[in-house]
Amino acid sequence: MCMSVTAGPEERYIYNVCRQKRLPASAFSKKMVEKRRKELNAPVKCKECVEKEAISEREAAAKKREAQTASASTTGTELAADELHECSACKQQLPVSKFSRAQLTQKGPGKQRCAACLNASDQSERALVEEKKQAALKEAQQNYKRLVATGAPIAEQLAAASLEAAAEAELVTGLKPVRLGSGRGRGGRRGGYAGRGRGTGKGAKGA
């Protein structure tokens, strides 16, 4: 455990676990420093040892998962820790520890994928989603420029500008835009660009 032994502009700490004495406050996370300030005798840990503990916990969890997987049953056959299984994606023969328990027990041969391939697949899917968002933004930008260049009605230009802004916001934040109004009239009253555009267009036609 760590505790402060001096106070002042440059706080120093003594760390009983790793035996590093008089560590500067910068060696600790902001959370630990705040904890120490709120409670003078609160035990705190430096960044290095927090990371070491996290690694140890992950390794322990992996060993536990490996042991659970080894004792699990797939189609009536016990899984041994040294047993090899083929990944349906990379086609490699890999040990049980390279798969999640769910992949071996629920997917099974021909469908199971190793942890590395699952991670790569997730990254590929995220990249594809990002690509689609960029394509949608580009299309919205081109559509707005076309309407402005051709002198389209203001209502259409406003609607196109709204779509462009929504596409850009989704690309930056990752969140889909929220529609403020569902009907033409309500959309215009609630301040949505698209709603105002449609309302203006309808009114102009009626006039």
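Quick check on Arg146: is it not polar (S, T, N, Q) and not assigned by TED's automatic domain parsing to the domain that holds Lys64? Considered against the rule, which asks whether it is not polar (S, T, N, Q) and not assigned by TED's automatic domain parsing to the domain that holds Lys64, Arg146 comes out as yes. Can you say whether Gly151 is at pLDDT 85 or above and outside any helix (DSSP H, G or I), as far as the supplied structure shows? Judged against the criteria, Gly151 is a match.
The values are calculated or read from the model by the stated rules, or taken from the named source; none is laboratory data. Bear in mind the structure is a predicted one, so any value in this text is a computation, not a measurement.
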